[in-house]
Amino acid sequence: MFDAEKYERQIEVFGFEGQEKLVESSVLVVGAGGLGSPVIAYLAAAGVGRIGIVDGDVVEKSNLQRQIIHNSVGVNKAESAASFVEKLNPDVVLDIYPYSITPRNALKLIEPYDVVVGCPDSFRVRYLINDASMLLGKPFVHAAVYAWEGEVSVFYGKPCYRCYLPSAPASEGSAIVGATAGVFGSMQAVEVIKILTGSGEVLKGRMIRGDLSRMEFFTFSIPENSECPVCSGKLKGIFDENYIGSCEIRKLD
């Protein structure tokens with residue numbers, strides 16, 4: 001049984017049944033950086049029963065401007081995030097994976113969890129999470145940020161991330177305002193809570209994009225791609241060849 005007083009304000013939103021669902025749920029967060037920080041913090045505070053944290057990087061000084069759950073340079077990010085959660089909400093069961101997600105371990109990492117949240121800083125990892133999540137039938141809550149801008153969506157069945165972006169752009173930027181990551185990471189946490197509690201309308205098949213420099217947001221539908229090799233069911237496994245270069249699907253089985 002959970003502490004009703006701790007969660008009373010959100011119980012007013014989705015009820016005791018919704019809170020029970022959170023307590024009984026599990027979420028895997030891939031990346032404990034700028035996006036992962038608010039995701040981990042708000043899911044832990046909300047009382048999600050089990051949280052897995054995947055990150056092979058160590059905290060650097062330049063991370064502290066936006067990765068607000070960390071306070072010690074040189075510590076593995078998954079372990080640092082776990083220390084934060086233990087202080088915030090000791091009722092949460094933590095699974096710590098202090099290494100990177102790869103084509104060889106992606107299915108094993110994602111399979112035990114109800115939802116996977118993608119908070120990486122590379123297209124390669126986003127495609128990997130998408131493909132593994134689709135194969136396992138798990139909801140994938142996506143976000144990406146750059147400078148003042150960001151986007152959030154939920155991929156579960158059709159359409160998938162590859163319908164939205166069939167191949168990776170040539171380059172990735174690293175500029176980011178810390179609060180931008182905070183806004184869009186918080187939106188990811190909201191989507192996870194909606195999925196787990198069944199409360200609210202999930203962004204499945206839709207993308208919300210925002211430019212915080214002008215405080216402008218818009219939402220659009222992502223069309224299904226009937227030729228998509230992933231959500232059409234043609235992809236039968238996770239293969240290294242599909243996560244190099246532009247990350248186009250080169251091998252199906």
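Here are some notes:
- For the pair E241 and D91 in one chain, pulling the backbone fully straight at 0.36 nm per residue adds 49.9 nm over the alpha carbon distance.
- Distant-in-sequence amide contacts of D95, defined by a placed amide H-H separation under 5 Å and a gap of 5 or more residues or a different chain, comprise I51, G52, I53.
- In this simple spin-label approximation, R104 and V73 carry label points 7 Å from Cα along the Cα→Cβ vector, and these lie 3.2 nm apart.
- In plain terms, the chain from Y146 to S213 could stretch by 23.0 nm, reckoned as 0.36 nm per residue minus the Cα-Cα distance.
- For A147, the residues whose modelled amide H falls within less than 5 Å of its own, excluding neighbours fewer than 5 places apart on the same chain, are A175, I176, V177.
- Residue exposure sequence - D131, D240, D57 - by fewest surrounding Cβ within 10 Å: D240, D57, D131
- Unpaired cysteine residues in the chain (no second Cys Cβ under 4.7 Å): C119, C163, C228, C247.
- Computed from backbone phi, the HN-Hα couplings of the range 147-160 come to 6, 9, 10, x, 8, 9, 7, 10, 10, 8, x, 9, x, 10 Hz, rounded to whole numbers (Karplus: 6.51 cos²θ - 1.76 cosθ + 1.60, θ = phi - 60°; Gly and Pro given as x).
- Axis of helix 77-88 versus longest Cα principal axis of the chain: the two differ by about 30°, to the nearest ten degrees.
- Rough spin-label spacing in nm, given labels placed 7 Å along Cα→Cβ, for E60 and S83: 2.0 nm
- Prolate/oblate/rounded call for the range 1-147, Cα gyration tensor, a/c under 1.5 rounded: oblate
- Rule-of-thumb Rg ratio for the chain [Cα; 2.2 N^0.38 Å; N residues]: 0.96
- Here's the list of lysines a cross-link from K61 could span, going by alpha-carbon distance under 19 Å and ignoring same-chain residues fewer than 8 apart: K77.
- Beta bridges per DSSP with both ends in the chain, % antiparallel, nearest 5: 50 percent
- Placing +1 on the Cβ of every Lys and Arg and -1 on the Cβ of every Asp and Glu, with no other charges, gives the chain a dipole of roughly 500 debye about its Cα centre.
- Here's how it looks for S25: its modeled amide H is under 5 Å from those of G49, R50, which are all 5 or more places away or on a different chain.
- Between 0 and 90°, nearest 10: helix 123-136 axis offset from the chain longest Cα axis: 80 degrees
- Mean Cβ count within 10 Å, highest first, over the residues of peptides 244-251, 154-161: 154-161, 244-251
- Sites E12 and S167, calculated FRET efficiency, Cβ-Cβ separation with R0 35 Å, nearest 0.05: 0.20
- With θ taken as phi - 60° and the Karplus curve 6.51 cos²θ - 1.76 cosθ + 1.60 applied, the whole-hertz 3J(HN,Hα) list for the range 192-204 is 4, 5, 5, 4, 6, 8, x, 10, x, 9, 7, 7, 5 Hz, x standing for glycine and proline.
- Extreme residue, positive dipole direction of the chain, given options T180, P169, L22 (C-beta unit charges): P169
- For the residue pairs K204/K234; K138/K251; K6/K138; K21/K194; K158/K234; K21/K138, the alpha carbons lie more than 19 Å apart in K204/K234; K138/K251; K6/K138.
Coordinate-derived values only; no laboratory data. Everything quoted here is computed from the prediction, not taken from an experiment. All Cβ positions, even for glycine, are placed from backbone atoms using ideal geometry, and neighbour counts span all protein chains on display.
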